[in-house]
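Structure, as structure tokens:
The values are calculated or read from the model by the stated rules, or taken from the named source; none is laboratory data. Just so it is clear, the model here is predicted, and its values are computed rather than measured. Cβ sites come from the backbone with ideal geometry, for glycine too, and all protein chains shown count toward neighbours. The area values use the complete protein model at the heavy-atom level, side chains included, leaving out ligands, DNA and RNA. Shrake-Rupley method; radii C 1.70, N 1.55, O 1.52, S 1.80 Å.
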Amino acid sequence: MPLYLGGGFLKLQILKRQILKRQILKHRVHGGTQRISRGNTEDFTGEHRGVHRGTQRECTAAGKRGHFGAHNLLANRRGGEHTFAPGVLSMHKVSLVAVIALLAISVGHTSPSADWSINATAIEACSCPHFCICYFNAHPAGHNENGKTEHYCKFNNAYKVNKGHYGTTDLTGAKFWLNGDLGGDFSQGQMKWVIATFDKRTSAEQRQALGDILGHVFPVKWSSFQTAEGDINWTADKDHAHATLNDGKTAEIKLTRFQGMTNEPAVLKNVRYWGTPRNDGFVMMPNELEAYREGPNAYEFKGTNGFMLTFDMNSQDLAAKGGSTSY
């Protein structure tokens with residue numbers, strides 16, 4: 001399941017979330033058609049439109065442009081109007097927008113980026129037959145349902161950072177989860193939807209750092225993008241891998257090693273994993289189960305694609321490539 005994220009946008013949303021929560025806790029505002037509550041959900045539909053209860057933030061670009069890179073974010077910020085829920089005091093609206101503007105400049109890479117590195121292992125599964133053809137094609141596998149064929153790649157990817165840092169922030173041990181659907185055609189770099197979930201044990205600094213790094217690891221456009229917080233459990237050995245999100249209530253992955261000619265893992269090598277310049281190979285581990293269990297987009301598959309992989313990347317790799325790994 002290949003994908004890439006706009007790290008500047010993701011980092012901005014994390015920072016904005018913290019600022020909004022501070023404003024929310026200080027002020028109890030009534031009136032209008034909505035209320036600012038103690039929730040931590042932000043809903044973005046092209047323009048920024050208020051704060052709602054929940055644990056996720058949805059970002060859907062107007063006109064389905066969906067590009068969450070730093071440059072487009074800055075362009076939208078300069079040209080678009082920012083509105084908030086009715087009832088928000090204008091003084092706080094002005095101060096919040098001013099701070100957000102400064103943060104947008106920060107994530108827009110107008111100043112030198114931090115020194116960083118990441119070495120992380122993925123437990124990955126998707127709806128494609130094993131092995132996922134998306135690594136070799138611009139269209140996912142076809143699925144016959146109700147007498148018609150639909151193309152999609154519905155995925156769950158659980159990551160654990162083996163070692164890494166972002167400036168002085170240590171990333172070792174941090175976990176995050178990506179799930180969603182690539183859609184039927186990503187030949188133009190346009191994906192359908194994704195949720196990026198940070199483990200609840202990660203600090204605010206780690207989330208900000210990962211948000212920036214992931215934009216380089218996974219350089220795309222998403223029609224819908226959300227972030228969330230959850231409890232991620234991640235275990236793996238030579239023969240099995242198992243990851244759960246919120247004890248499996250939200251999502252779950254179970255993988256079992258493909259039996260090759262020997263008892264050693266069967267590994268596909270010399271295949272690129274998105275923007276990363278180094279990986280140790282795709283360890284063939286078809287899934288016993290890969291499931292996302294929340295909301296109208298819930299899905300579950302058994303016996304389809306699965307693998308483990310460890311990738312490695314650092315800020316010096318960007319310098320060697322002129323500062324970008326985007327397609």
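Just a few scattered comments:
- Extension gain, ASP247 back to VAL271 (0.36 nm per residue minus Cα-Cα distance, nm): 5.4 nm
- Links that overshoot a 22 Å alpha carbon limit, given the list LYS163/LYS200; LYS175/LYS238; LYS154/LYS200; LYS154/LYS175; LYS154/LYS269: LYS154/LYS200; LYS154/LYS269
- The residue among SER223, VAL271, LEU178 whose Cα reaches farthest toward the positive pole of the charge dipole of the stretch 173-272, with charges on the beta-carbon of Lys, Arg, Asp and Glu, is VAL271.
- Of the peptides 164-171, 119-126, the ranking by mean beta-carbon count within 10 Å, highest at the top, reads 119-126, 164-171.
- Our note on the geometry: Cα centres of the stretch 207-238 and the stretch 117-161, 16 Å apart.
- Exposure of PHE136 as accessible area (Å², to 10), given a probe of 1.4 Å and all protein chains: 120
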